[in-house]
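Following: one structure in structure tokens, then a few remarks.
The values are calculated or read from the model by the stated rules, or taken from the named source; none is laboratory data. Keep in mind it's a predicted model, so treat the numbers as computed, not measured. Backbone-built Cβ (ideal geometry, glycine too); neighbour counts: all protein chains shown. For accessibility, only protein heavy atoms count, side chains too; no ligands or nucleic acids. Shrake-Rupley method; radii C 1.70, N 1.55, O 1.52, S 1.80 Å.
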Amino acid sequence: MILRPASLDDTKPLATLGSDSFCAAFAHLYSEADLNAFLVRVYSEAAVGQEIADDVYTHRLAVDEASGRLLGFVKLRNPSPYAEHGDARSPIALGQLYTQPDATGRGIGAVLMDWSIAHAGKRGHDAIQLSVWSENHGAQRFYARYGFAKIADITFQVGTQTDHEFLFELRLVQPQ
């Protein structure tokens, strides 16, 4: 597996993986209309391509070296849209950390998380913030292993449905 930045050539596979991964985990929670509206807004090729081209976002892809298959990705956002909820001087947000549904549990997420923490530290961020659904206990355990802790209750909108989310934060030690 290799890690590399996303390019506009990755738009379609990235949009597909984002949509497939979100649906595998959460589609059962939403009406068809709400889910479809969300998928168009967040995972359409136009939306994903716009984010890849925008300097606010950094995508790192995990790709199978032999086949070239996209195995997972992480998306970071600077500045963090959650900054008001904490007292970090320069937080960055982890917006998505997804793997192929058939590749979950193979360490891909851990490699992407390790990269994210190192990247944030190198860029001088003092915290990583992320939103996690209040009922996604597996993800919460994953983040807790890295030292993330809940700092706020927030909401997440999918169409007309409002989900209860937890805002987690990892404080980063800055070099002296």
Which one is nearest to LEU39 (Cα to Cα), of the residues in segment 134-160 that are assigned to a strand (DSSP E or B) and open to solvent by less than 60 Å² (accessible area, probe 1.4 Å)?
VAL158
Among the residues that make up segment 111-131, is at least one of them over 19 Å from PRO91 (Cα atoms), of a type in the set (A, V, I, L, M), open to solvent by less than 60 Å² (accessible area, probe 1.4 Å) and free of Cβ contacts under 8 Å to residues at least 40 places away in the same chain?
no
Of everything in segment 78-95 that's surrounded by 20 or more Cβ atoms within 10 Å (Cβ to Cβ) and within 16 Å of the chain's Cα centre (by Cα), which residue is nearest to GLY18 (Cα to Cα)?
LEU94
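Considering segment 37-77 alone, what residues qualify as being among the small types (Gly, Ala, Ser) and part of a strand (DSSP E or B)?
Within segment 37-77, ALA62, GLY72 qualify.
Assess whether ARG89 counts as being out of contact with any Asp or Glu (no Cβ under 7 Å at 6 or more places or on another chain) and part of a loop (DSSP other than H, G, I, E, B).
no
Identify, please: which residue in segment 37-62 is small (Gly, Ala, Ser) and surrounded by 14 or more Cβ atoms within 10 Å (Cβ to Cβ) and is, among those, nearest to the chain's Cα centre (by Cα)?
Only one residue tops the list, namely ALA62.
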Return yes when ASP34 is outside any helix (DSSP H, G or I) and surrounded by fewer than 20 Cβ atoms within 10 Å (Cβ to Cβ) and no when it is not.
no
